[in-house]
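Before I ask anything, let me first share the structure, which is written out below as structure tokens.
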Amino acid sequence: MLFPFRTSSIFRSRWMALLWAAGVVWMAMEFAGSGDPAAQNDQADNAALVDQSGAGVDVEQIKQAEKLLAQFGQQ
């Protein structure tokens, strides 16, 4: 069961309904995130690219991977 109580009992009390709504908003913010999108993009741009082993990846390796994926998509 999703809720620890019956959903019909949520809206009998105004305070319980407000608490439930706050929980829904909190869960949405946790899922979707909040804050300044420009700051999040700056953090992503400044992050170093690494492969699965943790070694650095350069632009040439990314281009090679794009070519391989394009060839795979054509088959």
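The values are calculated or read from the model by the stated rules, or taken from the named source; none is laboratory data. Since this is a predicted model, take the numbers as computed values, not measurements.
Is there a residue being β-branched (Val, Ile, Thr) and modelled with pLDDT of 80 or more anywhere in the range 5-23? Working first, answer last.
We begin by selecting, within the range 5-23, every residue β-branched (Val, Ile, Thr); these are 7, 10.
So of that shortlist, the ones also modelled with pLDDT of 80 or more come out as none.
No, the range 5-23 contains no residue that is β-branched (Val, Ile, Thr) and modelled with pLDDT of 80 or more.
Yes or no: the range 24-46 includes at least one residue that is more than 17 Å from the chain's Cα centre (by Cα) and either of a type in the set (S, T, N, Q) or modelled with pLDDT under 85 (or both).
yes
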